[in-house]
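So the structure is just underneath, and the comments pick up after that.
The values are calculated or read from the model by the stated rules, or taken from the named source; none is laboratory data. Note that the structure is predicted; figures quoted are calculated from it, not measured. Here the Cβ is made from the backbone with ideal geometry for all residues, glycine too, and neighbour counts use every protein chain on show.
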């Protein structure tokens, strides 16, 4: 009986693991990619972004808002201000190892909303904090780097042949939690604007599910940091 339970437990683990997309040796267009390229899509230094955002809320209701985000990649800090199209500030919060809400008008006033939004910002703009434990290519040929964060979440950083990129975040039991899809920006000024996507789409699958479609209006470098190769 003990051996049977162990076998069932092992089979369950194998079945759970099988829900993660398989990673294959690099080949074809992805062959020149290496694990050293994993974090190329994240902006380095301190930046201020202004996005127009179409938010699809739980229940399917859509609303148009503006989002002003200031991030520091080295300090891993962020501040986010959400405004109506008319310029009314409905949410203002910052993150520095903890979330502080400066202003919140319902339905943007809950701690759960603020924490979830800061988690989304970190997912989109910061390198995963966990360890890289696999890199290679997905079945469709896109290059992938797979990280496991300290909280057990798994994050796949996926680079497509057209220089667009995608993030997929999985829970501890390998269920899909969030996806982020990005379109590369046009080159502008002194920085590699591939790090600053012109278009982002974030989808949260866990209840309550929601989606954000973000178009870049302006990106301002608040400090200059040499780009990594």
Looking at the stretch 129-229, what strands (runs of 3 or more DSSP E) fall wholly within it and have at least 3 residues that are modelled with pLDDT under 95 and in contact with a helix residue (DSSP H, G or I) (Cβ under 8 Å, 6 or more places away or on another chain)? 131-137
Those residues that are surrounded by fewer than 19 Cβ atoms within 10 Å (Cβ to Cβ) and over 13 Å from residue 143 (Cα atoms), I need them from the stretch 158-174; list them, please. 171, 172, 173, 174
Tell me whether the stretch 108-126 contains one or more residues that are in contact (Cβ under 8 Å) with a residue 24 or more places away in the chain, touching a helix residue (DSSP H, G or I) at 6+ places or on another chain (Cβ under 9 Å) and surrounded by fewer than 17 Cβ atoms within 10 Å (Cβ to Cβ). no
Consider residue 94 against the criteria (1) touching a helix residue (DSSP H, G or I) at 6+ places or on another chain (Cβ under 9 Å); (2) loosely packed, with under 13 Cβ neighbours inside 10 Å: it satisfies all of them except one. Which criterion is unmet? (2)
